[in-house]
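Engineer: One structure follows; several queries about it will come next.
We did not get these values from a lab; they are worked out from the coordinates using the rules stated. Values in this document were obtained by computation on a predicted structure and should not be read as measured data. Note: ideal-geometry Cβ built from the backbone for every residue, glycine included; neighbour counts use all protein chains shown.
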Amino acid sequence: MAKSRLASRGVIGLLFAATSCVSFSSAPDGPADSIDGGAASREGGPEDGSAVTEGDAARQKIVFILTAQVSGALATTADAALRKADTLCEQEFAQASGRQGSFVAWLGTKTLSVLLRFGTSRGPWYLPSGERVTRGLDDLIMKGPEVPIFVTASGTRLAPDAVWTGSKEDGSSAVEDCREWTSAQFDAFGWYGDTRPDAGGQWSSVDKRKCDMPSHLYCFER
């Protein structure tokens, strides 16, 4: 009888130990699922022009609107004027981000289209606030931006306004370019775009305006 009682106690002890081990090693599934789900959502790139994910961070390029407004007289020669426009973009980006970057202003002349100024840079480009503007340069000139380019390098959204471009909707050169961006005379005209949400192709090509009327610039990371 004593042996039978001892055997029963031994079995009960083993069952208790086994149950304790299972309870201790089990962990709630909720947090693990949340972490996995978050990682999965970060690995893919945006498919619909939404915010940037970490998976896109290595390949994303920034586009923004220059905070300052400038007249059509950027410099005394065409080459210097285009370099000045690019420099203004780079300076604003450096001030806002604390790092250096290479930028090209969406600005052309009658002898040098903005597309040629882009070289091999093809995007995609995103606003500093995270929204995708375009999948690439070809999409940009065929469809226009997916969202208006009205966010500055620091993330401030500006009211719709005029932007010097010197470029038609397809990136070809406009005739009016403030004498190759060297003049702010009352009788000189430059081609401009508009940042209205419903601008469509007019984002780059609205009409001509007097060169003494200050306008913004679009800045694209190379």
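Engineer: Of Lys110/Lys210; Lys61/Lys143; Lys84/Lys143; Lys61/Lys84, which sit over 24 Å apart, Cα to Cα?
Structural biologist: Exceeds cut-off: Lys84/Lys143.
Engineer: Extension gain Thr77-Gln202, at 0.36 nm per residue separation less the Cα-Cα distance, in nm?
Structural biologist: Answer, rounded to one decimal: 42.3 nm.
Engineer: Let me ask something else about it. Beta carbons within 10 angstrom, averaged per residue: use that to sort the peptides 131-143, 111-123, highest first.
Structural biologist: 131-143, 111-123
Engineer: Further question: Which distance in nm do the two modelled labels at Lys210 and Ala68 give, with both placed 7 Å along the Cα-to-Cβ direction?
Structural biologist: Going by the 7 Å Cα→Cβ label model, 2.3 nm.
Engineer: Could the peptides 175-181, 64-70 be put in order, highest first, of the mean number of other beta-carbon atoms found within 10 Å of their residues?
Structural biologist: Ranked from most to least packed, the peptides come out as 175-181, 64-70.
Engineer: Please give the FRET efficiency for Arg122 paired with Phe186, using the beta carbon to beta carbon distance and R0 = 45 Å, rounded to the nearest 0.05.
Structural biologist: Computed FRET efficiency for Arg122 and Phe186 comes out at 0.70.
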